[in-house]
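The values are calculated or read from the model by the stated rules, or taken from the named source; none is laboratory data. A quick note: this is a predicted structure, and the numbers were derived from the prediction, not measured. All Cβ positions, glycine included, derive from the backbone under ideal geometry; neighbour counts span all protein chains shown.
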Amino acid sequence: MVVIHFMENEVTVQGMLNKVQHALGNYVSLILTDAQGNEILDSEGTRGSIYWKHNARIVLAVAENEFVESQGGKQKRSSRKEDETAGLQDIYEKIEEVILAA
């Protein structure tokens, strides 16, 4: 279990993923889920501390490949914007690999 402290400007799905990855020292692609394994998507309802500070809320960070496997191999993505964000993340990771290799 990791307890994460955050500021209001960090309270988005991607902001929370970044905080988890930094806290774990592991930059594997992660998906945030609720206790039932449902992906938490970036939306108006998940931006801001009201959503994340709910005392009874359980949020899990799951490796993306494990999440996809648990969904029967079908990755859930509900919007084009999220697909573009995921694509950008892949590009950043490849750039990072090239820099490290150099």
Checklist outcome for this item: A careful count of residues in the range 33-44 that are among the hydrophobic types (A, V, I, L, M, F, W, C) and either modelled with pLDDT of 90 or more or in a helix (DSSP H, G or I) (or both) gives 2
Item to check | Boolean, Glu44 is acidic (Asp, Glu) and out of contact with any helix residue (DSSP H, G or I) (no Cβ under 8 Å at 6 or more places or on another chain) | outcome: yes
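Here is a yes/no grid of residues against (1) modelled with pLDDT under 70; (2) within 24 Å of Glu10 (Cβ to Cβ); (3) touching a strand residue (DSSP E or B) at 6+ places or on another chain (Cβ under 6 Å):
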{"residue": "Ile31", "(1), (2), (3)": "no, yes, yes"}
{"residue": "Thr46", "(1), (2), (3)": "no, yes, no"}
{"residue": "His54", "(1), (2), (3)": "no, yes, no"}
{"residue": "Leu60", "(1), (2), (3)": "no, yes, yes"}
{"residue": "Glu64", "(1), (2), (3)": "no, yes, yes"}
{"residue": "Asp83", "(1), (2), (3)": "yes, yes, no"}
{"residue": "Tyr92", "(1), (2), (3)": "yes, yes, no"}
{"residue": "Val98", "(1), (2), (3)": "no, no, no"}
Item to check | Output for the range 1-41, where each listed residue is farther than 20 Å from Asn55 by Cα and surrounded by 17 or more Cβ atoms within 10 Å (Cβ to Cβ) | outcome: Leu30, Ile31
Item to check | Tally, over the range 45-71, of residues that are free of Cβ contacts under 8 Å to residues at least 40 places away in the same chain and in a loop (DSSP other than H, G, I, E, B) | outcome: 8
